[in-house]
Amino acid sequence: MSQPTPDTYEDGRGMDAHNEVMREIRARNDDTYDPTEPTRVWLDEDNTPDGVYQSLTIILNTGGCRWARAGGCTMCGYVAESVEGGSVGHENLMTQIQHCLDHEADNADEKAGLIKIYTSGSFLDEREIPAETRAAIAETFADRDRMVVESLPDFVDREKVADFTDRGLETDVAIGLETATDRVRHDAVNKYFDFAEFEDACVEAQATGAGVKAYLLLKPPFLAEPDAVEDMKRSVRRCAAADGCHTVSMNPCNVQRHTMVEELYHDGGYRPPWLWSVCDVLEATADEDVIVVSDPVGHGSDRGPHNCGECDDLVQRAIKDFNLRQDPSVFEEVDCECTATWEYVMENETAYNQPLVN
Ligand code: SF4
Ligand SMILES: [Zn+2]
């Protein structure tokens, strides 16, 4: 695979040092992927402002995130799933969509009401998904109820979102905000935009009648457990107060391959968050005027959010239950001796002694 290089778009953005390290780490990956196959596709159910829907989630295999090519976010390994050469054309993208429809027809009794499309980058970036493909995808799913497309805030504009809303689809733009705190987003995550740009994207989405779903990251590198939890509670509250943002997906960081987080993890400098921290944030923000859900990917494993190993599945089930019901009492039913260790970490872990416990 060729060395990722920054182009003019990325110049002067993000932290140069982070980008340099991330470019070096990503360059070690030489896997490539078939441009006619989606990265992943699966069926699930999801909580939306209109209730719980059967969903079809699609991760399209595109040229990948342009920010990741510059180095990009410290925890994100998605670019490693991109195709060699950096772009996938209309025909191949539509073949991927057909593959997803076939998967749905083979595995579900009826068509999903909710379609979620991610691209390991930005669906609304026309270098990843050309305008022609965006319109064709909107047409393909025009008979469904709801659509979610993921994008960085700078690519969100009303004309693009209108491709979906004009076809009668309730549309949400999913934005990887990660945190409402600019300093944490810039210095720990290495994302280049400010909260104000997220708010601008909310305005653009709202202008077409679309909504915004914010993705937050619990415990980026360099934050101790208690600081990460505080940052998340504050972030959920700021998202709830942002006009147009009706849902927060608060996702605990996991250790992905070819990332700075993975380097830190191997050197004893990073532990993914405790599942108790996830519960704590969900419980503390349950009264906010926003749906808050969390999907602890890799729960119970060393590289994913975890507790002691005994209670992880139980706590994960409570979180899933909370996602659908938004009722914090689900957490009253889970307990384990390891809460004492987590409480100790919450009282004593600091950025310079972390991780205090593995
Ligand atoms: S988290 Fe999003 S913006 Fe950051 S490198 Fe990954 S795909 Fe790109
Ligand atoms: Zn436990």
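For the chain, what does -39500 (n - 2.57) per DSSP helix run (n ≥ 4), summed and divided by total residues, give at 222 nm, in deg cm²/dmol to the nearest 500? Write out the running numbers ahead of the final one.
Values: 11 runs with 122 residues, N = 358.
Per the formula, -10500 deg cm²/dmol.
Rounded, prolate or oblate: which one fits the range 215-256, using the alpha carbon gyration tensor with axes a ≥ b ≥ c (rounded when a/c is under 1.5, else prolate when a/b beats b/c, else oblate)? Present the calculation step by step, with values, prior to reporting the outcome.
Numbers: a/c = 3.56, a/b = 1.69, b/c = 2.11.
Oblate, because a/c is 1.5 or more while a/b does not exceed b/c.
Most fluctuating residue of Pro273, Pro252, Pro49 in a GNM of the chain with Cα springs under 10 Å: which is it?
Comparing Pro273, Pro252, Pro49 in the GNM, the peak value goes to Pro49.
What whole number of Å gives the distance from the Cα centroid of the range 268-287 to the Cα centroid of the range 148-173?
Centre-to-centre distance over Cα atoms comes out at 30 Å.
Mean separation of Cα pairs under 8 Å and 6+ residues apart, divided by the residue count of the chain: what relative contact order is that in percent?
So the answer I get is 14 percent.
Roughly speaking, to the nearest percent, how much of the chain's 1.4 Å accessible area is carbon and sulfur?
After summing per-atom areas, the C and S share lands at 44 percent.
Quote the convex hull volume per residue of the range 211-318, based on C-alpha atoms, as a whole number of Å³. Please list the in-between numbers first.
Details: hull volume 10.6 nm³, N = 108.
It is 98 Å³ per residue.
Using the heavy atoms of the protein chains and a 1.4 angstrom probe, tell me the accessible area per residue for the chain in square angstrom.
42 Å²
When the Kirkwood hydrodynamic radius is evaluated over all pairs of different C-alpha atoms of the chain, what value in angstrom, to one decimal, is obtained?
20.7 Å
Step through the table entries Lys116/Lys233; Lys219/Lys320; Lys116/Lys160; Lys191/Lys219, compare each Cα-Cα distance with 18 Å, and write down the pairs that go over it.
Over 18 Å apart, Cα to Cα: Lys116/Lys233; Lys219/Lys320.
What whole number of Å gives the distance from the Cα centroid of the range 24-75 to the Cα centroid of the range 245-261?
Their Cα centres are 12 Å away from one another.
The values are calculated or read from the model by the stated rules, or taken from the named source; none is laboratory data. Everything numeric here is computed off the predicted structure, so don't read it as measured data. Only protein heavy atoms, including side chains, enter the accessible area calculation; ligands, DNA and RNA are left aside. Shrake-Rupley method; radii C 1.70, N 1.55, O 1.52, S 1.80 Å.
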